[in-house]
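Each value in this text was obtained by applying a stated rule to the coordinates, not by laboratory testing. Here the structure is a predicted model, which means the values were calculated and not measured. When we count neighbours, we look across all protein chains shown, and the Cβ atoms used for this are built from the backbone with ideal geometry, even at glycine.
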């Protein structure tokens, strides 16, 4: 029995199946974790979502593209030019798939393996207990009848830093952005969500979230996706970046959690019609 964590798939179903063949995945004995962004930008989001939903023992950490699907399903005006979600929206089981997504967590922690799974990252001022509590707040609203209203307040870069006194939609938005959009922040957890430049030249006073030396979750092993520009490398002990840019024509990667062995399979080059940086 083995546990594999797989990076952002984004609808690249063929690449996923090739990777599963490479690792000799046995659904009876093995378990799959996913860093989120199961859908969008790739060619087969519907197949990907249906297949992962069919698994009995998978774990998914919701990503920003997964939440975007829920928002678009709730309000088609949220659909963006380069989205590839229409096949899901037209599917007879669209509501069932979206309801299943709403049940997935923003954070998963396995105490036996001591791995934290998130899509994007964690702010330095949260320890594991705090992160679990904050994730639960968003999960509760997503799983409630009030989730459509939450989705209307989902988008935005403010507030850009955690404050225990935050309330309402601002509180839920900053929590969601930490879990699903975080890349750079400063030592106090203030996020930089607009920077599109090179990894080597971040804005002054900002660092990759996992490079903040005093982060309170440092003792745990952390699995995340979201950041294809890292190419799977953090140079930080116990921090595993698993988005290796499959949808951008690079590769799809899995990490076997029991022995930290990597497996990758090359992916087709993206369509020439897609011209958006990761």
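Structural remarks
- The label-point distance for residue 89 and residue 204, in a model that sets each label 7 Å from Cα toward Cβ, rounds to 4.3 nm.
- Sites residue 231 and residue 18, calculated FRET efficiency, Cβ-Cβ separation with R0 25 Å, nearest 0.05: 0.80
- Here the extension length gained between residue 111 and residue 56 equals 17.8 nm, from 0.36 nm per residue of separation less the Cα-Cα distance.
- Sorted by Cβ density within 10 Å, fewest first, the residues 48, 234, 28: 28, 234, 48
- Burial ordering of 227, 209, fewest other beta-carbon atoms within 10 Å first: 209, 227
- Zone residues, region 161-181, relative to residue 75, backbone N less than 19 Å from point 7 Å out along Cα-to-Cβ: 168-177
- The helix-only estimate of mean residue ellipticity at 222 nm for the chain, built from DSSP H runs of length n ≥ 4 each weighted as -39500 (n - 2.57), is -8500 deg cm²/dmol after division by the residue total.
- The GNM of the chain, with springs linking C-alpha atoms under 10 angstrom apart, assigns the highest mean-square fluctuation among 243, 66, 163 to 163.
- Residue among 64, 26, 140 with the largest mean-square fluctuation in a Gaussian network model of the chain, springs linking Cα atoms under 10 Å: 26
- Placing a label point 7 Å from the Cα of residue 129 along the Cα-to-Cβ direction, the residues of region 184-227 whose backbone N falls under 19 Å from that point are 215-221.
- GNM result for the chain, Cα springs below 10 Å: residue of 39, 72, 60 fluctuating most strongly: 72
- Beta bridges from DSSP with both residues in the chain: antiparallel share about 55 percent, rounded to the nearest 5.
- Residue ranges 100-106, 172-178 sort as 172-178, 100-106 when ordered by packing (mean number of other C-beta atoms within 10 Å per residue, highest first).
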